[in-house]
Structures are given as structure tokens and as C-alpha cells.
Amino acid sequence: MLHKRFLMVFAIVALVGGFVFAGGQSEQPAEDDGVITLQVQHYLDLADNVSASNFQELVDAFHAANPDIRLEFDYLFNEPYHNKLQSSAIAGQLADVMFLWPGKRTGEVTGSGAIKDLRPWIEQMDAEFAPAALAPQGANGEIYELPEQVTATHVMFSNDRLMDELGLEFPQTLEELIAQGEVIREAGYIPIAMDNGDGWQMQSCLLSALVARTGGREWLDAARVGDASFSDPEFVNALRVIKALYDNEMFSPGINQAAYGQALTDFVTENAVYFIDGGWRTANLTGEMTDDQYDYVSYHVFPALPQEPGIPDSTAVVAGTGFGMNADLEGAEADAAWEWIYFFAGPEGSAIKAEQGWLPAVQIPLPEDSPVLTVKLADFLGSTPGGYVIDAVMDAEGMGVLHPLLQEMMFGNVTPQEVGDRYEAWVAANDSSRS
Amino acid sequence: MTASREKKIAYGMLVGPSVLIYASIIIFPIVFSLVAGFTEWSGLGVPEFVGLKNYTRMLSDPVFRLGLRNNLLIVAISVFGQIPFGFALAYIIYRRMVRGHDFFETMIFLPITISAIVVAKLWNQIFSPAGLFTQLMRIIRDDPRFVLSVFEDRTFAIVPILFVILWMYTGIYMVIFLANLQRIDPGVIEAAVIDGAREHQILFRVVLPQMVNIVFTTAVFAIAGSLKSFDLIFAMTGGGPAHYTEVIAIYMYLNTFKYYNYGFGSAVSMMIVFLSLGLITAVQSVFRRLEARYV
């Protein structure tokens, strides 16, 4: 009998123990022989060889310079990254350091109190950064991530060799651009390579820049809080430009089916005369193109619209992504996390990234041997005014309404005015800026 | 301790762990989703009770209704496509109506052994704007801007996905039917042949009545599987363009994990459960009648 009771107690202890240990435990920064180990959750597509090897170069340089800090990475990309970040935050098991967005993309997590405000560290070196990079990210001016760059989400790249071949010059107006379409298509090329299968590209890389022209920052500020409406001509006129481009077959065929990256391939393989994407594509172009190609790729903004009451000849800019740290980190662990955050976005990491084709947020002179396209991007950013990127200032859920509406508009199922009206209806009822 | 008490303790010890595990990974999430479905909750902070608001919002959302329509089409292609087609293939192989039946059996079953993600990427490589079929058609038609416009049609964008689903999952039903056909006593069929029965009489009078229960089981599998369809479609189109190929599971995923509406997403997940139960109950009642007639 005693034997049976012992077995029963043993079984219960084993069962309870199993459940307890199966529940897991948040991993804490480990200190071993003076080496601090940090778990880092990073946003990286490991299948993108250029990005993966560029990032590894940074990590190797950091480890060489900081032998007392060891970084252990967990890599995810696209939605899986955001899913894990969100679920980790809910479970109270965030990594020590994580990749974050300055706007609303990771706003639920950064606004939850789970991420540390970096201002106490940043205040000591804020003069090193471009002012736009250190714009407030939280309701009370908090900065949760140190941006690695200031991003232009709209660049209209051109292949000047193809333009010479076709006897074209970069168009000054929308009308001239559309007129070039027939010449380009007849020669067998794509007028404007763009992919919008995921839905965000059209909004982020073109519509935002067009709204900066047709409305400007003041108008979008007013629309956010309800003093203007997305049904207004300022927004609808920008939509009409996209519709006109689509109807005139200016975009890549099947643009709304194409996965992100298809347009880049078409431009690199010289099947397209123009290519609209973000400035971040400079790193990919630097990695994928030949030296000869660098010389005949130019950076422009979209040609002038018939009316530009907002910011003429503008792009759309936003503070870039970067690393932040878990609010639970204190003392040596927090300092170690900052070492990496600052290395990544600061002068040391930026010098490495500048050679890889990135234009950093930190204000350092570009190295003389910087890639040609990085220099072109720097010139572009230095001379081009910027408006807001819509998805950086409006709720992410609203983008789930706007992006499909843009696709439906191109398919001809809704008019530009209906897109504006329906997005306005959603914003008025749901967007956090209006509440 | 009495023998009966000892028996109870022994049962408890043997069954208890399984019940606990089942409760924690099946019952608890369902109950949790049911409760969360009545709240507004971003996943962080305190949920706010909102009653049936999530359900009314869901039912009035055209995107949900489009997803529901697509799901019902998938149910239809599964129940009225995969099952009859799977049975027909199994019957052809079972009755040795073709040569090389082992080869056909392997080929038909092959798609189900491949990951849904790989299948999705494979078909994308064929039909995407840069895909093999598209490039081929551009050459044949001498039209460098040719793309498959069906993907951009609100009504028919789901059709290519239905085709892939039919191609992919028919094999599993074929194997289930084949295994059960092989359990039929060959003597019964031989007797029918000796009695002069024709092939259609063997099929409808001898074989099919013995398959009613299996058809019911496969129909339940098909319905439950169809309503939770996610991986293949998400990898193929992500529900796009413009929600045209969205199904309820993708709608739930986007609302829950992309827009942080955990309460709303829970209500959508409960809707999938309710729809499954409703459809399975309907199928059960149909099969009870068939059973009464044939068995």
C-alpha cells in the first residue's frame, strides 16, 4: 500500500513538475566569465543573400570590438517577425534587444511599456544624428529605437542607358511620362517597374509622395485629426494619378499579383526604364548591379503633377527602423544592449553600412570609397523635400482597408473618390488619431 | 482503502494526465476564445466586455462575407470534388481498370506528401506574372503584357486555388477509399459478376452501400479541413489581391496578429467552430438518411 501511495505521489510530482517546466521561463541576459549574452530578435530575410551577408559583417565587427558582449540572434522576416514580437510582448517574454519601427507598425508593443525609452542614452550623442532621425516616437516624446537611417519611401530610379536608346529624357510632367509609355512598350520594355502584390508598396512608395504634392504635411496633419477628410481633392487627386498610370499601362503587367522583389529584378535585368521603390533599395541595387550599371542609374522623384499645392517635387520620408531594448534590462545588461544599439545606428556601424550602400542617419561624411549609388542617394535626400509616409502616421489596421481599395481601384471596381470616401469612413470610425 | 476506491484512484491516475493535457491544449483555448470573442482586446492590457459587437461587426463586414463565400466554395470543391473524384480513382485502381495502377496510385498520392507551402510556391512559379505559364503565353500570343487576369477578378480569383486544392488533396481521399475498398470481401464481387452484374450495378448495388460510413467520415474531414484552410492560400496569394482570395482563417489571422484585435479574432475563430459544427451536423443528418436507405 505504501508503495502505491509513493507511486501516486511521484506521479503527481512528475506531472506538476512537467507542467511547470513546460511553461517555460523568460530568458534572461546571461553573464558568464564577464561576458554578457543578449538575445536579439532581428528582422532579416535570410534568403536575401546581400542583406544577410551585409548584416553578418556588422555583427562580426561588433563582436570583435566588444569581446565582453555576445549577441544571439533570432531571425524572422515579414509578418512572422511581427507575430512573434507581439506574442512575446503579451507573454512578457520579449528578447533583450529587438528590431523596431518608429511609427505605428510596432506601436502596440512600444506603447505598452515593455520597451525602454532610449532618451537618457541618446541625449549624450544626439548631435551625431540627423534631426529627422530623432523625432519623438511615443506620446510623451519617447524614443524607443535608434533609427539606422532616414528613409525616403519614394524614389523613381531611371535606367539612363535605355532612355538614350529610346531617345527619351526624364519627363518633367505626368503628361510627358504617360506619353513615353507607348514608346517604351513598343520597344518591349516595362515603363515603370513596380510590384504591389502585398498591397503596401503602392501606398508607401508612390501614394504617400503624391499626397505630399497634392496635400502636403499640413493637410495630412489636418486629415489625421478630422479637420480635413480623405474624401477631399487633396487625397483623391493623388489617387487619380495612380489610376491614370494603371489605365495607361504604365506599371508592370500584373502589378497587383507580383511579389515584392519582382520589380527590382526587372530593373536590374534592364527590362524596365523606370523603377519606383524606396531608397532602401540602394543596398540591393549596389549588391545586384554591375559597376557599369551604377553609372547609368539615376535617382528622381515622380514628375510634376498638374497641381501641387502641397510640397512640389517631393518624396515621402520617415525615420528609419532600428534596435530598441527590453524595459526590464537594467545596469550592465542595459549598457551592453545600448552598446549594440548605438554600434548599429551610430558612427561605427554606419561607416560599414555606408560601404554596403546604406545612407545612415548618423551625420558622418560619406567615405570616399562609398558605392556610387549611395552617393546618388545622399544627393537625392539632400536636395529633395519630403512629406509624410501615410502608414507611418495612420493606423496599421486602416492600411488593411486602404491597400485593397487601391488594388480594387486599379481593377476598375471602385473610383478614386470611392476609395477616398471609404477610407475616410474607416478613419472617422476607428483611427486612433481621431479618437 | 476499498477495492472500489483504489480502482477510482487508479483510473484517475491513468486518465488524469491525458485529460489535463487535452483540457489545457484543446478545451481551454476554445473556452478562452469563446470568452475573448465577447471582448475588445489588443492582446495587451485589460479586455473590455463588448457583448455581441464583434459578431455583428464580422457579419456586416463585406470582407468576412467574401471570405465565407470562398470557404464555402472550398467546402463544395472538397465534398463534391475531392471525395467523388478520390472515390472514382480508388475504384478504377481497385477494379484494375488501368494498367500500372501502382504508378497511378503513387502519382495521385504524391501531392499530399509535399508541404502546402512548397505546393503554393510551385504553382506561383507557374502562374505568377514572372511564372512559366505566363512567360510561355507571352511568347505564344506575342503579348509582352499578358497576365492571367482571372486572379484580378473578384468572382473568379478563387478558382485557380480551388483547382490546386482539388489537385493536392484528392490523393488522400483516394487512399482512404482504396484502403476501405480492399476490405470488401472479394467473394461478394465475384458472386455479383457470376450473377451477371454489370460494372455500374457492382458499383451502385454492391460497393457504394458499403462505403456510406466512409463517405460520411471523409465528408467530415473535408468540411473541417476546408473551413480552416490557411497555409496553402496564404502562401499562394496571402488572400489578395484586394481580399479576392481571402478565407475566414486568413481574415482571422490578419485581424488578430496584424491589427492586434485579439477579441475580434477570437470571435472569428469561434465562427469557424460554429460553421464546422453546423455543416457537420447537416452532413450527419443527410448520411443518417442514406444509412437507413442503403445499410
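Would you mind giving the three semi-axes, in whole Å and largest first, of the ellipsoid equivalent to the protein assembly as shown according to its Cα gyration tensor?
50, 37, 25
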Original post:
What percent of all Cα-Cα pairs in chain A falls in each 10 Å bin, counting up from 0?
Top reply: 4, 20, 29, 24, 13, 6, 3, 1, 1, 0
**OP:** Report, in debye and to the nearest 20, how large the dipole of chain B comes out about its Cα centre when Lys and Arg carry +1 and Asp and Glu carry -1 on their Cβ.
**Re:** 360 debye
Original post:
In percent, how large is the relative contact order of the range B:53-294, given Cα pairs closer than 8 Å and 6 or more residues apart?
Top reply: 31 percent
**OP:** Take peptide B:44-55, look around each residue's Cβ out to 10 angstrom, count Cβ atoms belonging to other protein chains, and average those counts.
**Re:** 1
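Place a +1 charge on the Cβ of each Lys and Arg in the protein assembly as shown and a -1 charge on the Cβ of each Asp and Glu, then give the dipole magnitude about the Cα centre in debye, rounded to the nearest 20.
5240 debye
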Original post:
How many angstrom lie between the C-alpha centres of the range B:35-100 and the range A:399-435?
Top reply: 27 Å
Original post:
Once label points are set 7 Å from the Cα along Cα→Cβ at both B:Val150 and A:Glu288, what is their separation, rounded to one decimal in nm?
Top reply: 2.9 nm
Original post:
Hey, if you put +1 on the Cβ of every Lys and Arg and -1 on every Asp and Glu Cβ in chain A, which of A:Ala429, A:Thr106, A:Ala130 ends up farthest toward the positive end of that dipole?
Top reply: A:Ala429
**OP:** State which entries of A:Lys104/B:Lys121; A:Lys84/A:Lys104; A:Lys84/B:Lys258; A:Lys353/A:Lys376 exceed 19 angstrom in Cα-Cα distance in the structure shown.
**Re:** A:Lys104/B:Lys121
Subject >> Simple Cβ-charge dipole of the range B:31-114, Lys/Arg +1 and Asp/Glu -1, about Cα centre, in debye nearest 20 >> reply: 360 debye
Subject >> Positive-pole candidate from A:Leu329, B:Ile161, B:Gly278, dipole of the protein assembly as shown, charges at beta carbon >> reply: B:Gly278
Original post:
How many angstrom lie between the C-alpha centres of the range B:138-202 and the range A:282-329?
Top reply: 49 Å
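The numbers here are math on the coordinates, done by the rules we state, and not lab data. Quick caveat: nothing in here was measured; it's all calculated off a predicted structure. Glycine gets a Cβ as well: all are built from the backbone with ideal geometry, and neighbour counts include every protein chain shown.
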